[in-house]
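What follows is a short report on a single structure.
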Amino acid sequence: MGASRYRPPLFSVAPMMEWTDNHYRTLARLISKHAWLYTEMLAAETIVYQKGNLDKFLAYSPEQHPIVLQIGGSKLENLAKATELASAYNYDEINFNCGCPSQRVAGHGCFGVRLMLDPKFVGEAMSVIAANTNVPVSVKCRIGVDDHDSYNELCDFIYKVSNLSPTRHFIIHSRKALLNGISPADNRRIPPLKYEFYYALLRDFPDLTFTINGGINSVVEVNAALRGGAHGVMVGRAAYHYPWQTLGHVDTAIYGAPSSGITRREILQQYQEYGDSVLGRDGNNRPNVRDVAKPLLNLFHSEPGNGLWKRKADSAFMHCTTMKSFFEETLVAIPDSVLDAPIAGGVPSGREDLFANVHDLMPPPCNVREEEALYA
C-alpha cells in the first residue's frame, strides 16, 4: 500500500466534497507530516472534459505527499482516460468511489454507492484504472446498500472485485447507505455502525488490506481500532472540524514520531505565504481570501478568543484582498498563549472502549461460492 518512502496509512483523512481541497490539504500537511491525505472526489468526466485545464483540478504542492486521488464514474472509457491523464501528477494511490450516497452521485448513471450492486463492473473498472497507472489502486465503499446489507453480500462484493482486478486495498465505511431520498448527512447518522463487519473482513480476507471508516473522531479511537487489528483508520469530519486537536496528535500518538513543536503562529505564517501565492490564480478573483481562509476557521476550536476570531474573519472577508491583511485584522482576537502553544499539547480525548466487544459481535465466516461470485 502506498509509496515505500512514506509511513504506512495508519491514519488517513477522508475525501470530503468541497472540504478536502488544496487549501485544506495544505493546512493539514503543515499540522501532520505523516497523515495520508485524500482529494475530494473528482468525476472521471471532469478530468476528461477539462483536459486543457487539468492543473486547476489535479495540481498540488509536493509537500502534500502522501496523497491519494479519489475518482468517481461509471463509464470504463472515461475512467481509463482520466486515470491516464492523472498519472502525470504523481499521486501515491488512485481510489475509486463506491460509497457516496448523494443523490447527485448515486442517483445518476449508477455512480457512487450504487456501484456496490454491480461488483462485476467495479472489478472491470478497477482493472481499467490499474492498467492506466503505476501506483496502487483502492476502493472506498459502504458495508451495504438498502436491503442488500447482509455480511455475505459484502463478502461477495469484496471477493468479486479483488478477484477480477488487482485491487488489494478497501476502505470500508462501516454503515450501509440508504438510497431512499435521505440526505448524505442523514446517511452518516441514521444507518447504524457495524464495526463487526469490518473486523470480520480482516478474518475472512487475510490477503487483503482494509481501512476502517465511520464514526471515529479522535486519535484515541484510531489507536483503539488499530489495537483491535485494523490495518488503517480513516477519519473524516473530526479532522476537518478539529484539525489541531485531531491532526495535531497524529504524528506523535499514532506514528510515534517526536513532536515537531510547531505552533499555530508558525503554521499560519507558512499558510500566509501559500495563500497569498494562490489568490486569484484561477481568474475571476478565485480563489479569494474567503476561499483560502475557509479551513482555518476551525483552527482555534474551543480556545479563548475563538468566537471573536470568527466574527472578525466574517468582517475581514468583506474587504481584505491578501492573507497578510486578513491575519493582521483577525489574529488580534487570539491570545499569544494560544498562538504560541506547541503542537500536541495535552492528552487527546476519545472513547478508549469504542471497539471493546467488536470481536464478539462478528458474523459467522462468509460463504462465497467461487464460481457464482465471479460469474454471476
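Computed from the coordinates by the stated procedures, all read-outs in this text should not be read as laboratory data. All values derive from a computational prediction rather than experimental measurement. Methodologically, a virtual Cβ is constructed for each residue, glycine included, from the backbone with ideal geometry; neighbour enumeration extends over all protein chains shown.
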Cα-based radius of gyration of the chain once divided by 2.2 N^0.38 Å, which approximates compact folds: 1.00
Formal net charge of residues neighbouring Ile254 (Cβ-Cβ distance under 14 Å; K, R +1; D, E -1): +1
Percent breakdown of C-alpha pair distances by 5 Å bin, ordered from the shortest bin, for the range 1-67: 3, 17, 26, 23, 18, 9, 4, 0
Reference-scaled alpha-carbon Rg (2.2 N^0.38 Å with N residues) for the range 264-339: 1.05
Convex hull projection area averaged over all views, the range 198-244, Cα basis, nm²: 3.2 nm²
Among 266-276, 166-176, the order from most to least packed when residues are scored by Cβ within 10 Å on average: 166-176, 266-276
Between helix 119-131 and the chain: long-axis angle, C-alpha atoms, 0 to 90°, nearest 10: 60 degrees
In Hz, Karplus ³J(HN,Hα) per residue of the range 261-266 (6.51, -1.76, 1.60; θ = phi - 60°; x = Gly, Pro): x, 5, 10, 5, 4, 5
Cα-centred dipole magnitude for the range 264-339, charges only on beta-carbon of K, R (+1) and D, E (-1), debye, nearest 20: 200 debye
Semi-axis lengths, Å, the range 111-178, gyration tensor of Cα atoms, sqrt of 5 times eigenvalues: 21, 11, 10
The chain: angle of helix 151-164 to the longest principal axis, Cα-based, in degrees nearest 10: 90 degrees
Gyration tensor (Cα) of the range 165-316, equivalent ellipsoid semi-axes in angstrom: 34, 21, 17
Nonlocal amide H pairs with Leu42, under 5 Å, H built at 1.01 Å: Gln70, Ile71, Gly72
Furthest towards positive pole of dipole, Ser325, Asn90, Leu58, structure part the chain, Cβ charges: Ser325
For the chain, calculated [θ]222 nm from helices alone, where every DSSP H run of n ≥ 4 adds -39500 (n - 2.57): -10500 deg cm²/dmol
Two-decimal log10 I(q)/I(0) for the range 242-376, as the Debye equation yields it once each C-alpha is a single scatterer, q = 0.12, 0.14, 0.16 Å⁻¹: -0.63, -0.74, -0.87
Most fluctuating residue given options Ser74, Ser150, Ser61, as computed from a GNM of the chain linking Cα atoms under 10 Å: Ser61
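Using the Cα centre as the reference, give the magnitude of the dipole from point charges on the C-beta atoms of the range 1-47 (Lys, Arg: +1; Asp, Glu: -1; all else neutral), rounded to the nearest 20 debye.
Magnitude of the dipole: close to 440 debye.
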Residue of Lys56, Lys120, Lys194 that the Gaussian network model of the chain assigns the largest fluctuation, springs spanning Cα pairs under 10 Å: Lys56
Cα-based convex hull, the range 37-166, per residue volume (Å³, whole number): 97 Å³
Partner lysines for Lys56 [C-alpha distance under 25 Å; skip if fewer than 8 residues away on the same chain]: Lys33, Lys75, Lys81, Lys140, Lys294, Lys324
